Each structure stands twice: as C-alpha cells, then as structure tokens.
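> Structure below; questions to follow.
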Amino acid sequence: MKRTRTVVPVECRPCGRVLCSLAVLWGFVWLAALGGCSGPANQPGQPSATQTRRLILLTNGDDPFWDAMRQGMNKASEDLRLSESGLAVFLDKGDFSEEAQINKLQQYATQSDIAAVAISPVDAKNRGIADAMRALRAKGVHVIAVDSDMDRELYRDCRFAYLGTDNIVGGQELGKAAKGLRPDGGVYATFVGLKAVANAIERIGGFGEGAGPKFREADSLGDQGDENLAQENVKTALTNHPDINTLVGIWAYNAHAIVQVVKERNLRDKITVVVFDAAPLALSDMEEGQIDAMVVQNPYQMGYLGTKLMKALVEEDQATVAEMYPDYDPETTNFKTPDGDIYTTELRVVVPDASSPLKPEMFSADTKFFYFQDFKHWLAERSLTGS
C-alpha cells in the first residue's frame, strides 16, 4: 500500500512573538539536521525504498472465471513469499469496454508503485490499448498478456509475452466434442461476450475446424458481457434458425444462458450443448444433465504462473524466465523462435459420465479428459467452485 505523510498544521496561540519565533527557528534547524542525515529525497514518481510494489492483473470484465484466477494468484503470493520481496498482487476487473482498460492502464502509468501488469485485452486490435501497454513498458513497468492476447501481427511488441490457453486448440477440442456427439453433423450458433477479443475469434474459428465440414455455422452473436442479452441472443438464434441443433457457449457465463433458454423452450432432446469453461452455474447444469461437454481452461494456473512470471521479470530472475520461456534470450531481449513468447496452460474436456459417446482418444494427447464427478473432486482439492 502506498504510504502518504499527512502534515497537520499547528495553531499558534497568543503566547508572545519571541517564543513563537524561537519555535519556528528551532523547527527549521531540526528539519535541516534531519535532512542532512537522511540523504536525498525520492524524486517525484519514484517509489520509496520501503514502498510495497504492486503486480496487477487487469481483466476484461467481471465473471466467476476470474475468481479462480484470483485464488491462483493468492497461492502464488503465499508460495513465492511476495511480501518478503516487497511485492503484492492484485486483481483489477474491467467492465468489458476498451475505454475502461485504456483508462486503467493510463492510471497505472502515473502510479509509482506499479511494477508489473498482466492484462486480458478486451479488444485484440485496439490501438489505444496497445499504445497504453507500450507506454507502461517505456516507463519500466513489465507487461504481459494473460488469458487472451493482443493481435500478434500488429501489436506483439506491446507485451513481453502471452500466458494462457491456446484458444485455437481449445476451440478445436470443443468442435471435436460436437462432432463426437453428432457424427452426422449439424447446424450451430456460437455465443460470446465480445467478438473482437482474441480468445473469442480463435475459439470460434477453432470450433469450426474441429467440428469439420458436416457442421454449418448459422449465427454468431455477442452480448457485451450482459447476461440478460446473452439469453436473448440464444432466443434470437433459435427463432431465426429453426434448424439449429448445436449451441456453443464461448465464454463462461454463456453456458448457463444457453441452458436457461433450452429448458424454457423444452428443447433438450433436440439440442446439443457444448461450452467453454466450468462456471459454478454451468457445473450445476451439467450435473442436471443439461450440458453435453465442456472444454475447461485452468484460470487457477494462469493466476499462479502469471504472478510467478511478473515477479521474475521485476526481480530480473532470468532462471525462472528461462524455465517458462526457454526461447527467450536475455542478452538481446528477444525470442529465438517466432512463437517463443507463448506459454500454453492446461485444457480439460469434461463430460457427464461414462455413458457419453466422447472418449479420451478423440482429443489431443495434451488435453486432460475427466468425467464430471472426477472433475468436481479436482476442483474440491483446490478449494475451487469453478474453473
């Protein structure tokens, strides 16, 4: 926490001019002596030697997904003894708007105690966000992207590296789930918060690849993080495209929005539901038989490793950076391979039980396969209510 010194003015009561003058003179002498012992004062904008420096994770919006990430951050703070290094980690939630993220990044640039920022960008192609990230880096603040990246063709230089899901692979795995559940193919619609976010673009594209040519996309709708609009979007898609038989949730809260509408319209026997993530409500929905498959990220791991990476960058701990990004060359401050700046976190496929037609061999060897009860046990071991 940044400490500030409060100067309280002392009221001079009528006590004689000579006495007051002597008191003021003695005050100046005392301050001068103190200044001579303490050395030069901190320059404006510089943290004091005892000031705790902050590591910030800035989200794109508010969702239970980030609660699991916060728990990973807190565990890393404990394991890595951040307080002993004069560091503390904080989660700062956006509101799904570009303006909010830009404003927050610009505020960070004025605060001397910010040492590193991890951001999940709300728009991969937004120049204002990229410029604000660059400005932080120019000030010496370490910047990484977590969960979703900036456009790598346009703005790769605005962050040190990306840490999170390979969202193209995640989309492909969800597409494979749809194909396994409906081998004859079908018509689908996708639902997401913001279609301009890199993870949304990559997951939707990956889903089409994984599902294959027997599937046709009928619609793709964004809701700007509004959960009421998320339900309305499902209704709109079903009304406009009566042949839809597969509904695809791209962001965590979209799962429950889909389930609510399918239940309301009594369409469960006709509709396949496949979703990203395991929000608490979605877990209840799967337990009730309302969701056929989940592709689940590991926000806990993202929070833990994101904190670990920020600490390593701040402390110039090249051994830890090399452990996570072996292609990084500290001599040239460049990466030796084009995608050496990407660290991929875990993916899981979760299905209700052994009666599901989906089997582990249908998915990538790197993707972990869980039956629902086993996955609930995995969450409980980490005191998580979702992932």
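> Pairs only if they're at least six apart or on different chains, beta carbon under 6 angstrom, first in region 204-221 and in the same structural domain as Lys176 (by TED's automatic domain parsing) and aliphatic (A, V, I, L, M), second outside any strand (DSSP E or B) and surrounded by fewer than 17 Cβ atoms within 10 Å (Cβ to Cβ); list them, first residue then second.
Ala218/His241
> Starting from residues that are of a type in the set (Gly, Ala, Ser) and under 14 Å from the mean Cα position of the chain (by Cα), keep the ones in region 133-160 and report whichever is nearest to Ile250 (Cα to Cα).
Ser148
> Let me ask something else about it. Based on what the data block shows, is Lys93 more than 24 Å from Glu381 (Cα to Cα), within 19 Å of the chain's Cα centre (by Cα) and among the charged types (D, E, K, R)?
The answer is yes for Lys93.
> If Val248 satisfies every condition in (1) touching a strand residue (DSSP E or B) at 6+ places or on another chain (Cβ under 8 Å); (2) β-branched (Val, Ile, Thr); (3) not assigned by TED's automatic domain parsing to the domain that holds Phe207 but one, which is the exception?
(3)
> Residues of region 128-183 being crowded, with 23+ Cβ neighbours inside 10 Å, part of a helix (DSSP H, G or I) and among the basic types (Lys, Arg), which ones?
Answer for region 128-183, where residues must be crowded, with 23+ Cβ neighbours inside 10 Å, part of a helix (DSSP H, G or I) and among the basic types (Lys, Arg): just Lys176.
> A follow-up question, please. In region 270-294, what count of residues is obtained for those that are acidic (Asp, Glu) and more than 22 Å from Phe207 (Cα to Cα)?
Counting residues in region 270-294 that are acidic (Asp, Glu) and more than 22 Å from Phe207 (Cα to Cα) gives 2.
> Please enumerate the residues belonging to region 165-212 that are of a type in the set (D, E, K, R) and either more than 21 Å from the chain's Cα centre (by Cα) or over 26 Å from Ile342 (Cα atoms) (or both).
Lys176, Lys179, Arg182, Asp184, Glu209
> Does region 217-264 hold any residues that are basic (Lys, Arg) and either within 26 Å of Val350 (Cβ to Cβ) or buried (at least 18 other Cβ atoms within 10 Å of the Cβ) (or both), and which are they?
Listed by number, the list holds a single entry, Lys263.
> Assess whether Lys125 counts as being in contact with a helix residue (DSSP H, G or I) (Cβ under 9 Å, 6 or more places away or on another chain), assigned to a helix (DSSP H, G or I) and either at pLDDT 95 or above or surrounded by fewer than 21 Cβ atoms within 10 Å (Cβ to Cβ) (or both).
Criteria not met by Lys125.
For (1) touching a strand residue (DSSP E or B) at 6+ places or on another chain (Cβ under 6 Å); (2) under 20 Å from Leu57 (Cβ atoms), each residue gets a yes or a no:
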residue: Gly164; (1), (2): yes, yes
residue: Val169; (1), (2): no, no
residue: Glu173; (1), (2): yes, no
residue: Lys179; (1), (2): no, no
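> Taking the stated definitions as given, is Thr307 farther than 30 Å from Gly140 by Cβ, modelled with pLDDT of 95 or more and either assigned by TED's automatic domain parsing to the domain that holds His142 or in contact with a Ser or Thr (Cβ under 6 Å, 6 or more places away or on another chain) (or both)?
no
> Out of everything in region 334-383 that is surrounded by 18 or more Cβ atoms within 10 Å (Cβ to Cβ) and of a type in the set (A, V, I, L, M), what residue ends up being modelled with the lowest pLDDT?
Leu379
> Based on what the data block shows, is Ala278 more than 25 Å from Asp166 (Cβ to Cβ), in the same structural domain as Glu173 (by TED's automatic domain parsing) and either surrounded by fewer than 24 Cβ atoms within 10 Å (Cβ to Cβ) or among the small types (Gly, Ala, Ser) (or both)?
In short, no.
The values are calculated or read from the model by the stated rules, or taken from the named source; none is laboratory data. Just so we're clear, the structure is a prediction, and the values are computed from it rather than from any experiment. When we count neighbours, we look across all protein chains shown, and the Cβ atoms used for this are built from the backbone with ideal geometry, even at glycine.
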